[in-house]
Amino acid sequence: MTVAPPTTFEPSRRSVIGTAGVLGSAAAVASAVPAAAATYRPARYRGNPLLSASGRHLVGRFSYGITPALARQVQQHGGPAKWFEWQLSPGRIADRSADAVLAWWPGLAFEGLESWRRQISGVEPGWVLMGHYQRWLLLRRMRTNRQVHEVMTEFWEHLLHVPAVGDNQFVYRKRYGDTIRRHALGRFDEMLQATTVEPSMLLFLDQAVSTKAHPNENLARELLELHTVGRGNHTEDDVKNVARILTGWMVERSTWEPHYSKADHWTGPVRVLDFSHANAASDGRAVTTELLRYLAHHPATAARIARRLAVKFVSDDPPQALVDRLAATYLDHGTAIAPVLRALVASAEFRASVGQKVRDPGEDVVATYRVLGVSIRAPRTEQSAAHAVLWQMGRLGTLPMSWPRPDGQPISSAAWSSPSRLLNSMHLHLSVGSGWWPVQDARHRKPAAWVPRFPMRFDLLVDHLSQVLLHRRSTATLLQACCEAVEVTPRTRITRSHPVVAWKMNRLIVTILDSPDHYTR
């Protein structure tokens, strides 16, 4: 058939989509329709029911991308608010597909001495094992029915950060992540108790070799500065006394067995902020428990966690009034996490924050695979998609749980809004959206499968794809960009043999993925 030549479309696709380079202003870009685009009236394809704008906001912010399947799940559970409440009890949600992925990397079943033996024998070096751990995290995020639980697990992993890469902590790193996952929607005081004395944390911050003769201050300092009350709310004497209290929690290096050594526990009176204890017993586990509970319930800890939640789920600079309300809820409910999340999503500040949060590299990778419906099978070689997805994420600037410092990966939008990040995300969208790479042990949709029926008018096709990939209707700006990308007019009739289907479908898919609406969550 005859394809109409491009008309005088100005500004160009590059300028329309290029505005997404200012990722922090993505929402403003989406609404800034150039005057020339006014002639592009978006059509409306019937499609499947979409969530409301507020529902899309809630589900999008607490998931790794809204797919048609996730939208059906939300609707089956009575709408976004009821779905969110259902998600807060992950133990009641079947998750067989996500659970099955763990078997793809058998080495993750080992820990401690056995993991170390596998490293020194060359069977599975630590860096290889942790690469598998990172891939497992990405695949789990793609598949899980417990989207809120998985999002919150990642949130706490960044706060109570132990890098997956490291010569020692890797032997217990999978177990450490499991501990956080177990408490991610429970109580913070219980999570702090469990994670502080986990062997991976003890090894990472040198607590494993701390003795009463030489108390090591690394874990004590990060416990105060990063995990609880925060910088400026404690003194050097507080750090020293926390270090003394924590002596005795060790890991035996010859066997990699975690244990408590009464002989290595420092005894004597201690004071941390307003917490004081005689600390007279050689067994310091009770005073450790009392200290951690005190710190978890401290108002400064409440304020710090409340602000971090608001930064992650509302905006980089959340209103102080919201932070104060969330902190009060945290304390009123004994550090329980679910009531704080309910207060957050019910707030006017949350409802007003549409488009203000940029996806970080991991969220972009997972969301892209999810909305494209790429099916990944168990890996057979190093070129398999389940392995290659980690390399793709690395190109965007980071890997799961690889941040080298104790302060964890940044959660602000500004941190992930650089031009290089944008360009590499575009490369990711082009590679996966075109079905070019990875292809081994993966199934990508064929171009014709993106068209719900033939023939179909192009503006209707764009609206259909916008619903599938962005879970929203198409706009005049998006329609114009798509027309320019594949060099057709809005009313072009698309048949099975049309060039758009034959060899330009990837341009169309990638144009939609490169829009600001896919970069935000």
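The values are calculated or read from the model by the stated rules, or taken from the named source; none is laboratory data. The model shown is predicted, which means the values in this text are computed figures rather than measured ones. Every residue, glycine among them, receives a Cβ derived from its backbone with ideal geometry; neighbour counts consider all protein chains shown. Please note that ligands, DNA and RNA were not included when accessible areas were found on the heavy atoms of the full protein model with its side chains. Shrake-Rupley method; radii C 1.70, N 1.55, O 1.52, S 1.80 Å.
Looking at (1) under 21 Å from Tyr176 (Cα atoms); (2) part of a helix (DSSP H, G or I); (3) of a type in the set (A, V, I, L, M), which one does Met250 not meet, given that it meets all the others?
(2)
Could you check, for the stretch 339-357, whether at least one of its residues is modelled with pLDDT under 95, not in a helix (DSSP H, G or I) and not aromatic (Phe, Trp, Tyr)? Give the steps one after another, and end with the answer.
Let us first name the residues in the stretch 339-357 that are modelled with pLDDT under 95, namely 355-356.
Then drop every residue that is not not in a helix (DSSP H, G or I), which leaves 355-356.
This time we only want the ones that are not aromatic (Phe, Trp, Tyr), so: 355-356.
Looking for residues that are modelled with pLDDT under 95, not in a helix (DSSP H, G or I) and not aromatic (Phe, Trp, Tyr), one finds at least one in the stretch 339-357, hence yes.
Please state which of the following conditions Leu185 fails to meet, knowing it meets all the rest: (1) in contact (Cβ under 8 Å) with a residue 24 or more places away in the chain; (2) part of a helix (DSSP H, G or I).
All conditions pass for Leu185, except number (2).
Can Gln87 be described as of a type in the set (S, T, N, Q), open to solvent by 20 Å² or more (accessible area, probe 1.4 Å), under 29 Å from Leu465 (Cα atoms) and modelled with pLDDT of 95 or more?
Working: of a type in the set (S, T, N, Q): yes; open to solvent by 20 Å² or more (accessible area, probe 1.4 Å): no; under 29 Å from Leu465 (Cα atoms): yes; modelled with pLDDT of 95 or more: yes.
In short, no.
Determine, yes or no, whether Glu222 is charged (D, E, K, R), open to solvent by less than 40 Å² (accessible area, probe 1.4 Å), in contact with a helix residue (DSSP H, G or I) (Cβ under 8 Å, 6 or more places away or on another chain) and closer than 14 Å to Leu160 by Cβ. Walk me through it before giving the result.
On the way: charged (D, E, K, R): yes; open to solvent by less than 40 Å² (accessible area, probe 1.4 Å): yes; in contact with a helix residue (DSSP H, G or I) (Cβ under 8 Å, 6 or more places away or on another chain): no; closer than 14 Å to Leu160 by Cβ: yes.
It is false that Glu222 is charged (D, E, K, R), open to solvent by less than 40 Å² (accessible area, probe 1.4 Å), in contact with a helix residue (DSSP H, G or I) (Cβ under 8 Å, 6 or more places away or on another chain) and closer than 14 Å to Leu160 by Cβ.
When you scan the stretch 243-251, do you find a residue that is buried (at least 21 other Cβ atoms within 10 Å of the Cβ) and of a type in the set (Lys, Arg), even just one?
Yes, the stretch 243-251 has at least one match.
Assess whether Arg146 counts as being touching a residue at least 24 places away in the same chain (Cβ under 8 Å) and over 15 Å from the mean Cα position of the chain (by Cα).
Answer is no for this residue.
Okay, residues lined up against (1) farther than 15 Å from Thr368 by Cβ; (2) in a helix (DSSP H, G or I); (3) open to solvent by 20 Å² or more (accessible area, probe 1.4 Å):
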| position | (1), (2), (3) |
| --- | --- |
| Ala386 | yes, yes, no |
| Leu390 | no, yes, no |
| Ser402 | yes, no, yes |
| Gly408 | yes, no, no |
| Ile411 | yes, no, yes |
| Arg421 | no, yes, no |
| His427 | no, yes, yes |
| Pro438 | no, no, no |
| Arg445 | no, no, yes |
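Consider the stretch 316-335. How many of its residues are open to solvent by 20 Å² or more (accessible area, probe 1.4 Å) and touching a residue at least 40 places away in the same chain (Cβ under 8 Å)?
As a first pass, look at the stretch 316-335 and keep what is open to solvent by 20 Å² or more (accessible area, probe 1.4 Å): 316-317, 319-321, 324-325, 328-329, 331-333.
Subsequent filtering for residues that are touching a residue at least 40 places away in the same chain (Cβ under 8 Å) retains 316.
Count: 1.
Please name all residue pairs, on different chains or six or more residues apart, with Cβ atoms under 6 Å, provided the first residue is in the stretch 259-276 and is β-branched (Val, Ile, Thr) and the second residue is part of a strand (DSSP E or B).
Val270/His277
Go through the stretch 16-73 and report how many residues are modelled with pLDDT under 50, among the aliphatic types (A, V, I, L, M), surrounded by fewer than 17 Cβ atoms within 10 Å (Cβ to Cβ) and more than 30 Å from Leu344 (Cβ to Cβ).
So the first thing to find is which residues in the stretch 16-73 are modelled with pLDDT under 50, and the list is 16-37.
Of the ones still in play, those that are also among the aliphatic types (A, V, I, L, M) are 16-17, 20, 22-23, 26-30, 32-33, 35-37.
The next check asks that each one be surrounded by fewer than 17 Cβ atoms within 10 Å (Cβ to Cβ); those that pass are 22, 27-28, 32-33, 35-36.
Restricting the remaining residues to those that are more than 30 Å from Leu344 (Cβ to Cβ) gives 33, 35-36.
Number satisfying all stated conditions: 3.
Output the qualifying pairs, or none if there are none: Cβ atoms under 8 angstrom, residues six or more apart or on different chains, first residue in the stretch 423-436 and of a type in the set (Val, Ile, Thr), second residue open to solvent by less than 40 Å² (accessible area, probe 1.4 Å).
Filtered contacts from the stretch 423-436: Val432/Thr368; Val432/Tyr369; Val432/Leu372; Val432/Val374; Val432/Gln392; Val432/His444.
Could you name every one of the helices (runs of 4 or more DSSP H) located completely within the stretch 453-521 that has at least 2 residues being touching a Leu at 6+ places or on another chain (Cβ under 8 Å) and open to solvent by less than 10 Å² (accessible area, probe 1.4 Å)?
Values: elements: 458-470, 476-486, 499-502, 505-513, 516-519.
Here the list reads 458-470, 476-486, 505-513, 516-519.
I'd like to check something: does the stretch 120-141 contain any residue that is touching a helix residue (DSSP H, G or I) at 6+ places or on another chain (Cβ under 9 Å), under 25 Å from Gln193 (Cβ atoms) and assigned to a loop (DSSP other than H, G, I, E, B)?
Checked the stretch 120-141: no residue is touching a helix residue (DSSP H, G or I) at 6+ places or on another chain (Cβ under 9 Å), under 25 Å from Gln193 (Cβ atoms) and assigned to a loop (DSSP other than H, G, I, E, B).
Can you find a residue that is without any contact (Cβ under 8 Å) to a residue 24 or more places away in the chain and surrounded by fewer than 20 Cβ atoms within 10 Å (Cβ to Cβ) anywhere in the stretch 151-158?
No, the stretch 151-158 contains no residue that is without any contact (Cβ under 8 Å) to a residue 24 or more places away in the chain and surrounded by fewer than 20 Cβ atoms within 10 Å (Cβ to Cβ).
Please verify whether Ser417 is closer than 30 Å to Ala327 by Cα and in contact with a strand residue (DSSP E or B) (Cβ under 9 Å, 6 or more places away or on another chain), treating the condition exactly as stated. Please lay out each step first, then the result.
Numbers: closer than 30 Å to Ala327 by Cα: yes; in contact with a strand residue (DSSP E or B) (Cβ under 9 Å, 6 or more places away or on another chain): yes.
Yes.
Determine if the stretch 455-463 includes at least one residue that is over 15 Å from Ile512 (Cβ atoms) and in contact with a helix residue (DSSP H, G or I) (Cβ under 9 Å, 6 or more places away or on another chain).
Narrowing the stretch 455-463 to residues over 15 Å from Ile512 (Cβ atoms): 455-457.
Okay, now just the ones that are also in contact with a helix residue (DSSP H, G or I) (Cβ under 9 Å, 6 or more places away or on another chain), so 456.
Yes; the residues of the stretch 455-463 include at least one that is over 15 Å from Ile512 (Cβ atoms) and in contact with a helix residue (DSSP H, G or I) (Cβ under 9 Å, 6 or more places away or on another chain).
For the stretch 225-237, give me the residue count where each residue is open to solvent by less than 60 Å² (accessible area, probe 1.4 Å), in contact with a helix residue (DSSP H, G or I) (Cβ under 6 Å, 6 or more places away or on another chain) and not hydroxyl-bearing (Ser, Thr, Tyr). Give the derivation first.
Going residue by residue through the stretch 225-237, those that are open to solvent by less than 60 Å² (accessible area, probe 1.4 Å) are 225-230, 234.
If we keep only those that are in contact with a helix residue (DSSP H, G or I) (Cβ under 6 Å, 6 or more places away or on another chain) too, we end up with 228-230, 234.
Within this subset, residues satisfying the condition of being not hydroxyl-bearing (Ser, Thr, Tyr) are 229-230, 234.
Residues that pass the stated criteria total 3.
Scan (1) without any contact (Cβ under 8 Å) to a residue 12 or more places away in the chain; (2) open to solvent by less than 10 Å² (accessible area, probe 1.4 Å) for the single condition Ala213 breaks and write down its number.
The failed condition is (2).
Could you say which residue among Asp264, Asp274, Asp206 is of a type in the set (Asp, Glu), touching a strand residue (DSSP E or B) at 6+ places or on another chain (Cβ under 8 Å), open to solvent by 10 Å² or more (accessible area, probe 1.4 Å) and more than 21 Å from Thr153 (Cα to Cα)?
Values: Asp274 fails: touching a strand residue (DSSP E or B) at 6+ places or on another chain (Cβ under 8 Å); Asp206 fails: touching a strand residue (DSSP E or B) at 6+ places or on another chain (Cβ under 8 Å).
It is Asp264.
The rows are residues; the columns are (1) among the polar types (S, T, N, Q); (2) in contact with an Asp or Glu (Cβ under 9 Å, 6 or more places away or on another chain).
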{"site": "Thr288", "(1), (2)": "yes, no"}
{"site": "Tyr294", "(1), (2)": "no, yes"}
{"site": "His297", "(1), (2)": "no, yes"}
{"site": "Leu309", "(1), (2)": "no, no"}
{"site": "Val323", "(1), (2)": "no, no"}
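Determine whether Leu102 is open to solvent by 10 Å² or more (accessible area, probe 1.4 Å), touching a Ser or Thr at 6+ places or on another chain (Cβ under 6 Å) and part of a helix (DSSP H, G or I).
Values: open to solvent by 10 Å² or more (accessible area, probe 1.4 Å): yes; touching a Ser or Thr at 6+ places or on another chain (Cβ under 6 Å): no; part of a helix (DSSP H, G or I): yes.
The answer is no for Leu102.
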